Structure formats: C-alpha cells, structure tokens
Amino acid sequence: MLIDENEKISVWLVGNTGLRSPSRIQEGLRIFAQSPFVGNLHGKAQEIGFMNLLNEKGIIQNAAGKDASGSHARKWRLMFAKNGFIYPQIKVIGNLKQEDLGRLDDLTPFGRIFLQADTFPAVQECYLRAMSVEQYEVQTCEGYFSPLRWILAIMLELEKRTGSSELQRIEFALWGHTTNPTYDVNEVVDKILDLRKRREKSNAKKAFDRREIAERAKHYDKMASNFLDYSDMNMRYLRITGVLQRKGRGLVIVSSKHVLAEQLAKYTVSDVSLADELKKLCEGAPLPTDNEDIAREILDDLQRQMKARHLTFDISDLPLTTAAEINIARQRLEDILAKTDEINYAVEQKDKWKEISDYMTLLIKGGGKIEYDEDNIIEVPKDETPAYLEWTLWRAVLAIDHLVNKPYEIRGFRLDSDFMPVSAAGGGKGDLYCEFSDCVILTEVTMSTSSRQEAMEGEPVRRHVSDAVLRYDKPVYGMFIAVRLDTNTAETFRHGVWYSKGDEQQRLNIVPFTLEQFQRYFEYMFEHDNATPDKLVELIDYCIKKRDMLEAPEWKEYIDLSVRKRVELYVNAFSGVRESTPLYMTSNAEMKFPYGLYFGTKVRNTENGKIGCIVGIRDDYVLVAFEEKVEPWICAVGSEMFEAGYYKIA
C-alpha cells in the first residue's frame, strides 16, 4: 500500500480493550474449563452466567448493575478464541464448516496444552505459537497476516539501519499497528526514522505528538485517541510472547531471542488459506524451534551470548539429538540468564526507592498512573492491584537489601521478562520470604479491606509464619501489610497464637501495618540513608512491645504511633534535635499508661494463668479483680508489671 493522501488506515488489535492484560487469560480459562459453559458460551443467558462466574471467582470486578448484558464474557470469549484456546465461531470458509473445525466454544487441544503450562516461559511459548498464526485479514487485498511477524520485520529493519531494534511508543502508535505487510517495510521505516528525527529536535514533545497524531488521523475514520490507547494494549500482548520486551514505553527485541525473531519476521501477506491457519491455531501452531537445525542455531547463539557475559553454564549432561532435546537445553540456559538478570535487577532497586514509593501511593489510591515525563510513566491497572502490591513490596525488600536468599527465592508470584508482575502468588505459601543473616521476615500482603479480611488472611498468615518458625533456626517475624487494616485482623495477630503439629503452642510475632504506614517508614529509611533490615526489625519489636497491654483498636493506634515515633527519631537524629516528649496519639491524648485499658478489660496473670477483670483505673496503675472462693481478690497492677510480662490482656 502506498502512503499518500489516499491511504485508509485500519488499526489491528491483537488484544481487547476490555481485557488489557493477557496474563489474566490463563486463570480465566481455568475457571471456564471447569464450568458448564464449555461448548456453551453463546447466548445472553450463558454470557451473563459466565460473567457472574468470573466475578464470583474474583477474576473480574463487575460492580452490581454495572454490566447486565454479559459483555465481559464476550470479551473473554473473543480472547479465548483468538488465541486458539476454544473453537471460534466460523461461517463456511472454503470447504471448512464449524463441525470440521470443532464444536463451538469447546476447549481445543491447544487450549488444554495452555492450561498445563505451569511456568511463565511455557505460557509465553503458547502465546508465541498463537500470535505467529496469520489469521488477521488484510482489508485491501485477499490474504491474512500475523501482527507479531510484521512488527518483528519492522524492528529488524530498524536495527539494520540504526543498530537498535527499539520501536518507541509514538512510532508504534503511528506506524506500527496502523500498517501491515501490504505496505513496503522500507517506506514504513523511513517514516519512523523521519518521525524520530523531528521529535528529537522538539522541545515540547507532548504537543509534537498531538500534532503528529492529528495528521495521521486524517486517514483514519475512528477516534484519534485510539492510536495511543490501542498501542499500549497491543504492545502488552506482543510482549507476552517473550520475543519482545519493554524499552522505555516502547519495544525492543529480546537479545536472547534474536535468532528466533529473524525466523519469525515476515514482510508479506500469507498465501495460506484461513481454514488451514485456524486448524493450525487450534492444534498448536509450529515454531521455528520445532526444527532441529533452527533450534540448534538458536542454542548456539545463546551460548555465545552467555560466554560474552562471562556466565557459567553446563549442558554437557543433556542429549542434543532432537529439536525437543535441544530446546530443553536452551530452556536451561534461558533460566540461568533470567535468574542472572533478576539478580542484577535486584541490585538496582536501592536506587529506585522513590519509584517504589510512588507505586505504593498508586496502590493506596486503588490504581492509576504517574507520568514523570512523556517517555517515562508508571501505572497500576485497577484490576491488577493484588499482583502489583506483592511486586511493589518485593521491590521494597530488594531495595533494603542485605538478603541471604536470591530475589527469585523470595517471591511466589510470576514476572515477565521486564520484571513486571504477571500474577499474584498462588495459595499454600507466604507471599515474600525474606531471609537475612540474623532473622527472617515473612511478608504477607492483601488488597482486601472488608470485614472478611480476617477470615481470608488470619489463618493462612499465621500458618505460614508458623511453618517458617519451624523451618529456620533464627528469629522469624511476620509483617502483614494491607491498604486498610480491619480491627478483627489486628486482634488475631495481636494474640498471635498458633498450634503446630503435636498441639505445640507458638506465640508468633506478626505486626499488621497499613501500606501508608510502611511507606512512611520506608521513605524515611532511605531519605536518611539508614535502610537496613535491623531498622525494620527495630520497628516490628517496638510495635510488639505493648500488644499484651492493649485491645486491638488501641494496638492499631499504638502501631501508627510507633511508626511516627521511629520516623521522628530519624529526623531528630539527623537534624540534631532532641527527641520530643511526649509523642501524641491524637492532638490531646498521650500514648501512656494505661494505654487502651478500660473498665471491664480481662487481664491474665501469666504466672498462675488466672484471668481477672479491671475494676478501677488510676494514672499509674489499674485495679484487677480475680475471683476467689469467698470474695474477689483485688490487686493493683502498674505499667512495669505489664512490660515485664507478668500480666497481659486475656
């Protein structure tokens, strides 16, 4: 196609604006595969039923009455079908009928393979197979193409001319997803490089981008905002193939996948029938790595790259006689490479603490974005906050550093090749296991804010900390971090009691923080160059100190006070100001004895186990009545008795 005044632009979509993150598709497909909607997902009743099921399972957040049409289900169905996980609805294509392809909405053989993919590289390979299929129609002629193959062709041509395959966001928006193999790739790259050159000279890049979008939109019959909106979504889907990764807000070819990218790139429209392409899609499309010679070439290239980086590896124990065996060896090397890159990423986090804190701010708000400049933005999608919360706290721990275990041993969630979160950690283990030389801190996080917070988190958090206590021969602490903390959750962790096997009672040290409290402490540690695990343990110990003297509401207030007190100590230490005394819980109330004790509070004598009741409160002691045979025995208990552990709240 010529790029002239007669050009008619159409923007291709590899994803769906209603399902912007492809990493969520697998969990949705798992729900579908176990539902009565397999082979039965068309029709309003079925669509509404599946939408409600996704909402019930927490896959989507459909506020009551927001969508009563089942449109969520249609978007998920479209993505299942477009990637070959279920059989799509087709009209007769040549001699191919629906029954020849497969039962409408039924799981395909490839869909079952996708469900079995239990590592992120395996998931990426499934998407790579799906997106390599040339199933997208070209409007100006008869034929089909693969957007992934076309974008790779553009990026390889860019690399040939500039030395880098980088494709910037505005370049993708205007000349990536608006073109296809009917265009001359050289002319497209000419336009990209001209745009890049003019943009580099501009002092007002936002205004420049708006003008360029308006000019390109003259050839487009839909909203001009689609150029950027669809580009973010399309790039996210293209990246999940594992062949592309982020570069700023744009794309670049993954160096270890360069040979594969060369094999996949295609500059022309396919002459294969759509019927054959759909069959290939549903069975599982072949990749260049399925060919023994190409698989060996890719393995050899990867070994050269690792040697150039001085990385040690050994595949001498593996047979290399078939494509499958060669690919197993390649995957071993890719795993070494990914772990090495993650270690390097971890080292960088101490210099990224301000960005990490900004992510906390977005999470506290429930999602959103912060734009530092035209080419640098951070974002937390509102429907991915649980995964981003775990990821942000993981980065915070990496920034504090001094870890004994590796960054990939700490987390239970998946990362993509850009070290961005793919999904939250699965059940059965803690979120973040942070081992230091002198202690272990197990961090659990939740976006839950309702009264169900305690029901969902109380048992598993205590169980995970208990398991860690038995596993490690050093002190174990638990940090529970939530955007908002329910008082019932605080009460569960205040007691901190858990019975391990053999009915052995454990008293667990778990402190619940709000994310805002943790953020405040995190920022001050870095602002005053004092970010160490010792400072974190110091805060936890300080918060635990009076848990036996306080009821849950007062303990929550005391924790907030403790955070502010430690922060104030940092500020005063570095400014030369003496510590202010007293530090107030509120504007009028000091955090001093009798803390949150009130008339009727039950108190336990830890020496004899008897439980009494507070019947009087004075400035420096409380009166506790214990039941006796004749009449109650009343004793005065001061703060020193609580702090020494002789008495605590029952």
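The values are calculated or read from the model by the stated rules, or taken from the named source; none is laboratory data. Predicted model only: the values in this text are computed from it and were never measured. When we count neighbours, we look across all protein chains shown, and the Cβ atoms used for this are built from the backbone with ideal geometry, even at glycine. For the accessible areas, the whole protein counts, side chains as well, though only heavy atoms, and no ligand, DNA or RNA atoms are used. Shrake-Rupley method; radii C 1.70, N 1.55, O 1.52, S 1.80 Å.
Regarding A468, is this residue in contact with a Pro (Cβ under 8 Å, 6 or more places away or on another chain) and touching a residue at least 12 places away in the same chain (Cβ under 8 Å)? It is false that A468 is in contact with a Pro (Cβ under 8 Å, 6 or more places away or on another chain) and touching a residue at least 12 places away in the same chain (Cβ under 8 Å). Contact annotation: residue pairs with Cβ atoms under 9 Å, 6 or more positions apart or on different chains, pairing a residue in the range 65-87 that is over 19 Å from Y136 (Cα atoms) and open to solvent by 30 Å² or more (accessible area, probe 1.4 Å) with a partner that is part of a helix (DSSP H, G or I) and among the basic types (K, R), are S69/K44. Here E342, E390 are screened, and the one residue that is modelled with pLDDT of 95 or more, of a type in the set (D, E, K, R), over 25 Å from E166 (Cβ atoms) and within 16 Å of the chain's Cα centre (by Cα) is E390.
Conditions tested, residue by residue: (1) surrounded by 20 or more Cβ atoms within 10 Å (Cβ to Cβ); (2) at pLDDT 95 or above; (3) part of a loop (DSSP other than H, G, I, E, B).
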residue: L2; (1), (2), (3): no, no, yes
residue: E5; (1), (2), (3): no, no, yes
residue: S10; (1), (2), (3): no, no, yes
residue: V14; (1), (2), (3): yes, yes, yes
residue: I31; (1), (2), (3): no, yes, no
residue: G39; (1), (2), (3): no, yes, yes
residue: N55; (1), (2), (3): no, no, no
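The set of residues in the range 143-163 being over 17 Å from R239 (Cα atoms) and open to solvent by 30 Å² or more (accessible area, probe 1.4 Å) consists of Y144, E159, K160, R161, T162, G163.
Residues in the range 520-536 that are open to solvent by 20 Å² or more (accessible area, probe 1.4 Å) and either in a helix (DSSP H, G or I) or under 23 Å from D467 (Cβ atoms) (or both): R520, E523, Y524, F526, E527, D534, K535. Listed here are the strands (runs of 3 or more DSSP E) enclosed by the range 401-500 that have at least 3 residues being closer than 30 Å to L337 by Cα, touching a helix residue (DSSP H, G or I) at 6+ places or on another chain (Cβ under 6 Å) and at pLDDT 90 or above: 432-435, 440-446. Looking only at the range 236-256, decide whether some residue is open to solvent by less than 40 Å² (accessible area, probe 1.4 Å), under 22 Å from P22 (Cβ atoms), assigned to a helix (DSSP H, G or I) and modelled with pLDDT under 95. Within the range 236-256 (the criterion being open to solvent by less than 40 Å² (accessible area, probe 1.4 Å), under 22 Å from P22 (Cβ atoms), assigned to a helix (DSSP H, G or I) and modelled with pLDDT under 95), the answer is yes, since at least one residue qualifies. Can you tell which of V138, V123, V133 is surrounded by fewer than 20 Cβ atoms within 10 Å (Cβ to Cβ), under 19 Å from V14 (Cβ atoms) and among the aliphatic types (A, V, I, L, M)? Result of the check over V138, V123, V133: V138.
Restricting D293, D271 to those that are touching a residue at least 40 places away in the same chain (Cβ under 8 Å) and either within 30 Å of Y136 (Cα to Cα) or basic (K, R) (or both) reduces the list to D271.
Quick check on the range 289-302. Is at least one of its residues of a type outside the set (S, T, Y) and within 30 Å of Q89 (Cα to Cα)? Yes, the conditions are met somewhere in the range 289-302. Checking every residue in the range 288-305 against the condition of being open to solvent by less than 70 Å² (accessible area, probe 1.4 Å), within 31 Å of the chain's Cα centre (by Cα), over 30 Å from T179 (Cα atoms) and hydrophobic (A, V, I, L, M, F, W, C) gives at least one match.
Scanning the range 208-224 for residues that are exposed (fewer than 11 other Cβ atoms within 10 Å of the Cβ) and closer than 17 Å to D375 by Cα yields no hits at all.
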